[in-house]
Amino acid sequence: MSAEEQVQQLDRVIDRLAGEFRGVFSRESVAHVAKDSYARLAATATVDAFLPLLAERFARDRLRALAQAEGRAGKERPEVLFVCVQNAGRSQMAALLTHHRSGGRVSVRSAGSAPADAIHDVVAEAMREVGLDLGEAFPKPLTDEVVRAADVVITMGCGDACPLYPGVRYLDWEVGDPAGQPIERVREIRDEIAARVDVLLAELGVTDPARAEAAGR
């Protein structure tokens, strides 16, 4: 993709997002987040064909988080953020498991302190084994607004990468890193994360109605 094509596509992204967030953020603010999101993803991307699409999704989520953090938008569900180093394994599994096991009753984000360029293949395989698809997920860098918007921030092996804000609950899960591990070990990590997710959801008072009904049979 030429530089001119990239600029044209990014302008279209800004147009769409400015329309979505009209009355919440100015076009200038939207453009700043969109361009910053594009630049952050481009820093680790090996293929630029899908960069505008991914940058749009990344920027949209950041703008939603910023609106929540600044009180411009309400929260309909608890907000949970999972953070690991590459956002290519543990945090992605945790986010998808939380969304699935809560029946969508928890809003979930994930990020990495040093994101990779793609989800680990073995992680995607382990999730497919339990009927969950990471096909549309992609590693995202950690940004300030998603931390500010979270009710709970859960770190996994990324140390003190997250800024601390009052009112946010911080947890650290000591979970093995699936990178470079055989599928057997990744399955163990997946199942350990799933068990921790169930505890978290119980603490949040959130249960997937379908799962609760099945457990009561």
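Miscellaneous remarks
- Residue check, ALA73 buried (at least 20 other Cβ atoms within 10 Å of the Cβ) and either over 20 Å from PRO141 (Cα atoms) or touching a strand residue (DSSP E or B) at 6+ places or on another chain (Cβ under 9 Å) (or both): no
- Filter pass, VAL153 being free of Cβ contacts under 8 Å to residues at least 24 places away in the same chain and of a type in the set (Val, Ile, Thr): no
- For the range 13-28, taking the residues that are in a helix (DSSP H, G or I) and without any contact (Cβ under 8 Å) to a residue 12 or more places away in the chain, the one that is surrounded by the most Cβ atoms within 10 Å (Cβ to Cβ) is identified as ASP15.
- The one condition in (1) part of a helix (DSSP H, G or I); (2) among the charged types (D, E, K, R); (3) outside the structural domain of VAL7 (by TED's automatic domain parsing) that ASP36 fails to fulfil: (3)
- Exclusive hit being touching a residue at least 40 places away in the same chain (Cβ under 8 Å) and not in a helix (DSSP H, G or I), set PHE82, PHE58: PHE82
- Residue check, GLN6 at pLDDT below 95 and in a helix (DSSP H, G or I): yes
- Given (1) touching a helix residue (DSSP H, G or I) at 6+ places or on another chain (Cβ under 8 Å); (2) of a type in the set (A, V, I, L, M); (3) closer than 18 Å to TYR170 by Cβ; (4) part of a helix (DSSP H, G or I), number of the condition VAL122 does not satisfy: (3)
- Selection status of GLU145, touching a residue at least 24 places away in the same chain (Cβ under 8 Å), out of contact with any Cys (no Cβ under 9 Å at 6 or more places or on another chain) and under 21 Å from GLU70 (Cβ atoms): yes
- Flag if VAL197 is among the hydrophobic types (A, V, I, L, M, F, W, C), closer than 17 Å to VAL85 by Cβ, surrounded by 14 or more Cβ atoms within 10 Å (Cβ to Cβ) and touching a Leu at 6+ places or on another chain (Cβ under 6 Å): no
- Candidate set: the range 171-182, residues that are out of contact with any strand residue (DSSP E or B) (no Cβ under 7 Å at 6 or more places or on another chain) and surrounded by 15 or more Cβ atoms within 10 Å (Cβ to Cβ); chosen: the one nearest to PRO78 (Cα to Cα): VAL175
- The range 159-179: number of residues that are outside any loop (DSSP other than H, G, I, E, B), within 25 Å of GLY71 (Cα to Cα) and either in contact (Cβ under 8 Å) with a residue 60 or more places away in the chain or not aromatic (Phe, Trp, Tyr) (or both): 2
- Inclusion of PRO166 among residues that are under 13 Å from the mean Cα position of the chain (by Cα), farther than 15 Å from ALA94 by Cα and either of a type outside the set (A, V, I, L, M) or surrounded by fewer than 16 Cβ atoms within 10 Å (Cβ to Cβ) (or both) is not warranted.
- One residue stands out in the range 66-82 among those that are basic (Lys, Arg) and closer than 26 Å to ALA31 by Cβ: the one that is farthest from the chain's Cα centre (by Cα), namely ARG72.
- Looking across the range 127-158, the residues that are outside any helix (DSSP H, G or I) and among the charged types (D, E, K, R) come down to GLU129, ASP133, GLU136, LYS140, ASP151.
The values are calculated or read from the model by the stated rules, or taken from the named source; none is laboratory data. As the structure is a prediction and not an experimental result, all values here were calculated from the model. For neighbour counting, all protein chains shown are included, and Cβ atoms are generated from backbone atoms with ideal geometry for every residue, glycine included.
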